Amino acid sequence: MAAMRPMRRHPPRLTPQHRGLRSYVWRSRDTWGVLGVLGASMAVVVLAYDSVVEAWSKALAWAWPHLGIGTASQVHLVEVAVPGGSIQSLDVALSVPAPGLAHWWAVAGVTLVLTATSLRLSRERLPTIYFLRLVAALCLASLIAAAALGPNAIMPADAVLNQLLTLGMALLWSLPLIHALVLYIFPLRLLQKLTATLAALLLIAVGIPLQVGALAWLLVHGSQLVVLPLHLLASFLPQLLGQLGVYGFFMSLVQRPPRLG
């Protein structure tokens with residue numbers, strides 16, 4: 001019987017890969033740089049916050065009557081107590097009509113169309129299939145909840161808008177700190193770090209009133225049946241995706257550290 005030849009063992013292939021923060025050298029001047037950019041960003045927020053909220057108030061007070069949403073008196077500034085004092089906040093009221101027969105059929109039709117479309121797509125488009133079915137499921141849940149509990153049992157329509165405004169105001173104050181924790185720790189230039197935070201703040205300052213106005217118009221014309229889908233898909237999610245886009249763009253500017261050895 002022939003002797004068995006020993007099996008050759010091939011050395012494992014090493015794939016060069018990014019090792020994250022362990023690949024960077026952190027120095028004391030980096031700490032001072034992070035604190036300096038954080039301080040500059042917070043100074044911008046402190047100086048511009050009242051002007052931004054007042055601009056939101058004026059924009060929405062103009063939009064309410066001109067878009068057929070309501071009257072300008074439904075948009076007003078309020079003072080909110082915070083530790084050490086108070087800050088300006090914005091509150092809006094919205095009257096959404098009860099769903100008519102056309103609204104019921106429209107939401108049911110959207111549910112059927114989205115479900116049928118998702119069944120026709122190939123399995124290579126799973127993210128699209130999942131998204132279409134998610135929207136269809138939310139529309140169906142809204143129909144069932146409205147039929148069983150009444151249209152007003154889901155959620156007040158103006159609560160969707162006020163939560164979005166609250167989110168925008170909270171992001172204005174917290175984004176500099178968030179960027180300091182997850183973005184400034186990478187080797188970007190100080191000007192790039194500051195630009196990233198200012199771009200994120202500008203996205204909130206410009207996007208929030210536009211988003212609130214668009215959602216208010218859709219709620220007024222779509223009745224209470226669209227509150228649930230719009231609340232879950234068109235309020236917090238676009239802001240999250242926008243901020244991730246800003247973060248991802250500036251992260252793409254980070255230079256990969258040189259390989260050792």
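Segment 229-245 and segment 99-167 have Cα centres separated by 15 Å.
At 222 nm, what value in deg cm²/dmol follows for the chain if DSSP H runs of at least 4 each add -39500 (n - 2.57) and the sum is divided by all its residues, to the nearest 500?
Values: 7 runs with 165 residues, N = 261.
After summing the helix terms and dividing by residue count, I get -22000 deg cm²/dmol.
In order along segment 213-219, the Karplus-derived 3J(HN,Hα) couplings, from 6.51 cos²θ - 1.76 cosθ + 1.60 at θ = phi - 60°, round to x, 5, 5, 4, 5, 5, 5 Hz, and Gly and Pro are given as x. Taking all protein chains into account, the per residue accessible area for the chain stands at 62 Å² (1.4 Å probe).
Compute the FRET efficiency between His66 and Leu126 as 1/(1 + (r/R0)^6), taking r as their Cβ-Cβ distance and R0 = 30 Å, and round to the nearest 0.05. Calculated transfer efficiency: 0.10. The label point for Leu112 and the one for Gln163, both projected 7 Å from the Cα toward the Cβ, are 3.0 nm apart.
In segment 42-128, a dipole from Cβ-located charges (positive for Lys and Arg, negative for Asp and Glu) runs towards its positive end, and of Ser95, Trp56, Leu126 it is Leu126 whose Cα lies farthest in that direction. Quote the Stokes-Einstein diffusion coefficient, in whole µm² s⁻¹, for segment 200-252, based on the Kirkwood radius over alpha carbon pairs, a temperature of 25 °C and a viscosity of 0.890 mPa s. Answer, rounded: 203 µm²/s. The angle separating the long axis of helix 236-251 from the principal Cα axis of greatest extent in the chain is about 30 degrees.
Largest first and in whole Å, the equivalent-ellipsoid semi-axes of segment 105-228 read 36, 22, 11, each the square root of five times a Cα gyration tensor eigenvalue.
For Trp105 and Leu240 in the same chain, what is the full-extension length gain: residue separation times 0.36 nm, less their Cα-Cα distance, in nm? Intermediate values should be presented prior to the final figure.
Values: separation 135, 0.36 × 135 = 48.60 nm, distance 3.16 nm.
Between Trp105 and Leu240, full extension yields an extra 45.4 nm.
Taking 0.36 nm per residue of separation and subtracting the Cα-Cα distance, what length does fully extending Trp173 through Ile87 add? Write out the running numbers ahead of the final one.
Working: separation 86, 0.36 × 86 = 30.96 nm, distance 1.14 nm.
So the extension gain works out to 29.8 nm.
The fraction of accessible area contributed by carbon and sulfur in the chain is 68 percent, rounded to a whole number (1.4 Å probe; ligands and nucleic acids excluded).
If packing is taken as the mean number of other Cβ atoms within 10 Å per residue, what is the order of 218-229, 70-81, 123-134, highest first?
Values: 218-229: 21.2, 70-81: 13.8, 123-134: 12.2.
Going by the mean number of other Cβ atoms within 10 Å, highest first, we get 218-229, 70-81, 123-134.
Considering only Ala72, Pro238, Gly36, and ranking their Cα positions along the charge dipole of the chain that arises from unit charges at the beta-carbon of Lys, Arg, Asp and Glu, the one farthest toward the positive end is Gly36. Put a dot 7 Å past the Cα of Val80, heading toward its Cβ, do the same for Gln255, and the two dots end up 4.2 nm apart.
The values are calculated or read from the model by the stated rules, or taken from the named source; none is laboratory data. From a predicted model like this one, the values you see are computed outputs, not experimental measurements. For neighbour counting, all protein chains shown are included, and Cβ atoms are generated from backbone atoms with ideal geometry for every residue, glycine included. The accessibility values were calculated without ligands, DNA or RNA, using every heavy atom of the protein model including side chains. Shrake-Rupley method; radii C 1.70, N 1.55, O 1.52, S 1.80 Å.
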